[in-house]
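Worksheet: the structure to be examined is printed underneath.
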Amino acid sequence: MIDNPPMLTIHRGWKRPDPTLIEAFRGAQTSHLVDAMEGRGAVDYRIKPLNPASSFVGCAITGAAYPADIAAMFGAVHEAQAGDVIMISTDGFTATAVLGDIAAGMMRNKGVAAFVTDGLARDKAGILATGLPVYCQGISPNSPALNGPGTVGAPINLGGVHVRSGDIVVGDEDGVVVVPVEIAETVLATLARIRVAEAATIARVEAGLTLSDGAARMVAAARIIGG
């Protein structure tokens, strides 16, 4: 490149959703949310909570980090507001951590709802002690640098999912789901129907059901060979 980029670039001007809209997703099961979005929306299966009992809901604030660098992470901490979910893409870099217990404590002090990355974390015991829900690919003691460049606020790809600052993010023990803010109301309406249908099906299973209606129709229409 002709010129070196700045150490940190911050994109502002994006809008956070109404807190009431975000709160409507609290307690939503990630698998139900995926069903409400035509079977997609969850980040890569390797991105899992350090504490399996973790759950959260919040507004995404994005960051794109160069390998082994945490400029974007700290830029996102600076820009974050209470209730935000910091989402840091490292392009899946796994040679060093992108978060440690001290940074997690800073996020907790700002009221951040959760931290999600396709990279690694370190200082697991210290992170767990902060109570901050952290979702990552794993743990490594290797330390990062603060050299940049990093970008905050711009769209990213994290774990195979397109994420924009202002999208709604939900996490539980199964993983993390990103709900594009422009379809959030529609997803909520579909989610309500899915919950009702799920509860009805569970009741039928507990009463002895062995095959779903759809699967039963498929079997009934199957071509039978032999026997």
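We did not get these values from a lab; they are worked out from the coordinates using the rules stated. It should be emphasised that the depicted structure is a prediction, and the values quoted were computed from it without experimental measurement. As a convention, Cβ positions derive from the backbone with ideal geometry for all residues, glycine included, and neighbour counts pool all protein chains shown.
Can you name every residue in segment 157-206 that is hydrophobic (A, V, I, L, M, F, W, C) and either without any contact (Cβ under 8 Å) to a residue 60 or more places away in the chain or farther than 30 Å from Glu79 by Cα (or both)?
Ala189, Leu191, Ala192, Ile194, Val196, Ala197, Ala199, Ala200, Ile202, Ala203, Val205
Out of curiosity, is Thr30 within 22 Å of Phe115 (Cβ to Cβ) and under 13 Å from the mean Cα position of the chain (by Cα)?
yes
Among the residues of segment 127-139, are any part of a loop (DSSP other than H, G, I, E, B) and in contact with a Phe, Trp or Tyr (Cβ under 9 Å, 6 or more places away or on another chain)?
Looking for residues that are part of a loop (DSSP other than H, G, I, E, B) and in contact with a Phe, Trp or Tyr (Cβ under 9 Å, 6 or more places away or on another chain), one finds at least one in segment 127-139, hence yes.
Could you tell me which of the residues Ala80, Ala60, Ala76, Ala71 is buried (at least 22 other Cβ atoms within 10 Å of the Cβ), touching an Asp or Glu at 6+ places or on another chain (Cβ under 8 Å) and among the hydrophobic types (A, V, I, L, M, F, W, C)?
One residue alone meets the criteria, Ala60.
Could you grab me the full set of residues in segment 120-152 that are over 13 Å from the mean Cα position of the chain (by Cα), crowded, with 22+ Cβ neighbours inside 10 Å and closer than 30 Å to Leu21 by Cβ?
Residues satisfying the conditions are Ala121, Ile127, Leu132, Gly150, Thr151, Val152.
Would you point out which residue out of Ile183, Ile194 is touching a helix residue (DSSP H, G or I) at 6+ places or on another chain (Cβ under 6 Å), surrounded by 12 or more Cβ atoms within 10 Å (Cβ to Cβ) and outside any strand (DSSP E or B)?
Criteria check complete, one pass: Ile194.
Take Thr201 and decide whether it is out of contact with any helix residue (DSSP H, G or I) (no Cβ under 7 Å at 6 or more places or on another chain), surrounded by 11 or more Cβ atoms within 10 Å (Cβ to Cβ) and of a type outside the set (A, V, I, L, M).
yes
May I ask you to list the residues in segment 153-166 that are part of a loop (DSSP other than H, G, I, E, B) and surrounded by fewer than 24 Cβ atoms within 10 Å (Cβ to Cβ)?
If the condition is that a residue be part of a loop (DSSP other than H, G, I, E, B) and surrounded by fewer than 24 Cβ atoms within 10 Å (Cβ to Cβ), then Gly153, Ala154, Pro155, Gly159, Gly160, Arg164, Gly166 are the ones that fit.
Taking the condition of a type in the set (Ser, Thr, Tyr) and in contact (Cβ under 8 Å) with a residue 40 or more places away in the chain, does Thr151 pass?
yes
Search segment 1-27 for residues being basic (Lys, Arg) and over 16 Å from the mean Cα position of the chain (by Cα), and hand back the single one that is nearest to Val152 (Cα to Cα).
Arg12
State yes or no: is Met107 under 19 Å from Gly171 (Cα atoms) and touching a helix residue (DSSP H, G or I) at 6+ places or on another chain (Cβ under 9 Å)?
When the stated conditions are applied, Met107 passes them.
Restrict the check to segment 115-129 and report whether at least one residue is in contact with a Lys or Arg (Cβ under 9 Å, 6 or more places away or on another chain) and not small (Gly, Ala, Ser).
yes
Which of the following residues is under 16 Å from Val170 (Cβ atoms), of a type in the set (Ser, Thr, Tyr) and in contact (Cβ under 8 Å) with a residue 60 or more places away in the chain: Ser89, Ser54?
None of the other options fit; the residue is Ser54.
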